[in-house]
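Some notes on the structure that comes next.
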């Protein structure tokens, strides 16, 4: 079992937030007995729970792992230094505001370096009212798929986990989103500015079907005369 955060840290942070074990458990979707085991050193939370735990304490994953709150630092600046860590064995992904020491399945994870999206990883972004609809033109087989899509602003992040044989798409609240990240299990992390993603979609928009419908309607009208 991998130790990312000690039970003492969880207990201390929980008490600082004046939360009971049951309240923390309800937030995480586990039992209070599970939280008690963590705090007593009889087990450790799964890596996938690091972000929810940090969210419950209103701190970053980096702060949770180190056990120290980051003081006198601008939160926006931290978010702009966001980094993603992905386990090559189980595929779990963790987001941290800056460098962090994270292990999974005995492997120390290194931060992923994002590349610009390319022709093999085309991403299309469309704004629909107060949401961005994000779609990636990519296969979703058990061997080759997109494992998550994340949207970052200067002070927040939204992350959607994807699964093989599902759809490579997600919806995000606009909320000042500046950049979209997504992870291919074979080719790694990619990113694109939201504005560029919208522009690319408009340039590649195929209106063939619309034109066919208009032509069909015109034929029907003229055939009646």
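Check whether at least one residue in segment 99-116 is free of Cβ contacts under 8 Å to residues at least 60 places away in the same chain, surrounded by 14 or more Cβ atoms within 10 Å (Cβ to Cβ) and in contact with a helix residue (DSSP H, G or I) (Cβ under 7 Å, 6 or more places away or on another chain), and report yes or no.
To start, the set of residues in segment 99-116 that are free of Cβ contacts under 8 Å to residues at least 60 places away in the same chain comprises 99-101, 107-111.
Then drop every residue that is not surrounded by 14 or more Cβ atoms within 10 Å (Cβ to Cβ), which leaves 100, 109, 111.
Next, only the ones that are in contact with a helix residue (DSSP H, G or I) (Cβ under 7 Å, 6 or more places away or on another chain) stay: 100.
Scanning segment 99-116, I find at least one residue that is free of Cβ contacts under 8 Å to residues at least 60 places away in the same chain, surrounded by 14 or more Cβ atoms within 10 Å (Cβ to Cβ) and in contact with a helix residue (DSSP H, G or I) (Cβ under 7 Å, 6 or more places away or on another chain), so the answer is yes.
Residue count for segment 59-95 satisfying the condition of being modelled with pLDDT of 80 or more, closer than 19 Å to residue 6 by Cα and touching a strand residue (DSSP E or B) at 6+ places or on another chain (Cβ under 6 Å): 2.
The condition of being assigned by TED's automatic domain parsing to the domain that holds residue 192, more than 13 Å from the chain's Cα centre (by Cα) and farther than 14 Å from residue 194 by Cα holds for only one of 126, 119, that being 119.
The values are calculated or read from the model by the stated rules, or taken from the named source; none is laboratory data. It should be emphasised that the depicted structure is a prediction, and the values quoted were computed from it without experimental measurement. In this analysis, Cβ positions are derived from the backbone assuming ideal geometry, glycine residues included, and neighbour counts consider all displayed protein chains.
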